[in-house]
Amino acid sequence: MKPTLLILAAGMASRYGSMKQIDGFGPNGETIIDYSIYDAINAGFGKVVFIIKEEFVDNFKSIFEPKLNGKIETDYVFQNFDLKQFGIEEEIYREKPWGTAHAILSARNVVKEPFCVINADDYYGYDAFKKMVDFLSDEASDSNFSIIGYEVGKTLSEFGAVSRGVCKVDAAGNLEEIIERTKVYPKDGNIFYEEDGEEFPLSFETPVSMNFWGFTPAVFKITEKLFVEFAMANKDKPKAEFFIPLIGENLVKSGEATFQVVPTSNKWFGVTYKEDKPYVQDSINQLVNNGTYPEKLWN
């Protein structure tokens, strides 16, 4: 059974609300999602599931179905505010959904095979998808999951400091914890993070999480239990979010599961602000020019 690619896109309403709001980065207007799916197909994934808001399903289908028809199976699931599906009868006010770990629960009824989760607006590179397919096919179990570890030096921005989840890894290559560093930046040929006004060095190769996780469907039951606890504990905090690293932290600390940190030498880049667009376009054009991708991605 080929693994499934789960794409987190429910939080992207401003970018994906209509056809004209799809950001084009490739030579023919390809989105970053296009490059992720292209790499996933070539790596051996068998299905892609989009996690979106229900009101955008027609837009997504009109954009992606013509490209992907006959190339990979597709499905669409919806992240919403309905807590009754988790047995929570209490009304809890929210300004937006509950975060990335809550989002993957949207796929619990359609994903029955090992799967990985990625962000829709991040470029990850083929190597990461191939290594994840190999892990999910050969090593994954209900107590052995994974995360792709990127070299921090290949994830930085030219536009200022960034937040990065720094992975602490044991001698066996398994995750011990993810430490959120909120100000990471290059300076004078080196890399630093700032904490309490002090500067600390990071080596170029330090592994960081860019939200590329590998699971089996067993994680859904675990996540649902944790989410119910989180929702009730944070019912008076309308901006509290239930993130995927919270699942990893809970499972590692409890000893219920290990997370293998799978290293990749790929360069990561992503788009958060409009100012990122020229840099991302240039990065993709370089990949097209060096033959990594065809000029026209989908024929």
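Details
- Those residues of region 150-192 which are in a strand (DSSP E or B) and among the polar types (S, T, N, Q), in sequence order: 163, 174, 182, 190
- Given (1) surrounded by 12 or more Cβ atoms within 10 Å (Cβ to Cβ); (2) free of Cβ contacts under 8 Å to residues at least 60 places away in the same chain, index of the condition residue 264 fails: (2)
- Against the criterion of being at pLDDT below 95, surrounded by 15 or more Cβ atoms within 10 Å (Cβ to Cβ) and not aliphatic (A, V, I, L, M), residue 299 does not qualify.
- Taken as a whole, the condition of being crowded, with 22+ Cβ neighbours inside 10 Å and modelled with pLDDT of 95 or more does not apply to residue 141.
- From the list 87, 11, 26, the lone residue that is within 23 Å of residue 231 (Cβ to Cβ), buried (at least 19 other Cβ atoms within 10 Å of the Cβ) and not polar (S, T, N, Q) is 11.
- With respect to being assigned to a strand (DSSP E or B) and polar (S, T, N, Q), residue 260 fits the description.
- When residue 295 is tested against (1) under 30 Å from residue 95 (Cβ atoms); (2) touching a helix residue (DSSP H, G or I) at 6+ places or on another chain (Cβ under 9 Å), exactly one condition is not met: (1).
- First in region 36-50 and touching a residue at least 24 places away in the same chain (Cβ under 8 Å), second anywhere and surrounded by fewer than 21 Cβ atoms within 10 Å (Cβ to Cβ) and in a helix (DSSP H, G or I), Cβ under 7 Å, 6 or more apart: 37/68; 39/126; 42/126; 43/126; 43/130; 50/60
- Filter result for residue 227 (surrounded by 19 or more Cβ atoms within 10 Å (Cβ to Cβ), within 30 Å of residue 187 (Cα to Cα) and among the aromatic types (Phe, Trp, Tyr)): no
Yes/no per residue for (1) part of a helix (DSSP H, G or I); (2) in contact with a Leu (Cβ under 6 Å, 6 or more places away or on another chain):
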{"position": "194", "(1), (2)": "no, no"}
{"position": "208", "(1), (2)": "no, no"}
{"position": "214", "(1), (2)": "no, yes"}
{"position": "225", "(1), (2)": "yes, no"}
{"position": "230", "(1), (2)": "yes, no"}
{"position": "247", "(1), (2)": "yes, no"}
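- Residues in region 165-192 that are over 22 Å from residue 132 (Cα atoms) and open to solvent by less than 30 Å² (accessible area, probe 1.4 Å): 2 in all.
The values are calculated or read from the model by the stated rules, or taken from the named source; none is laboratory data. Note that this is a predicted model, so its numbers are computed, not measured. Methodologically, a virtual Cβ is constructed for each residue, glycine included, from the backbone with ideal geometry; neighbour enumeration extends over all protein chains shown. The protein model used for the area step is the full one, side chains on, heavy atoms only, and it has no ligands, DNA or RNA in it. Shrake-Rupley method; radii C 1.70, N 1.55, O 1.52, S 1.80 Å.
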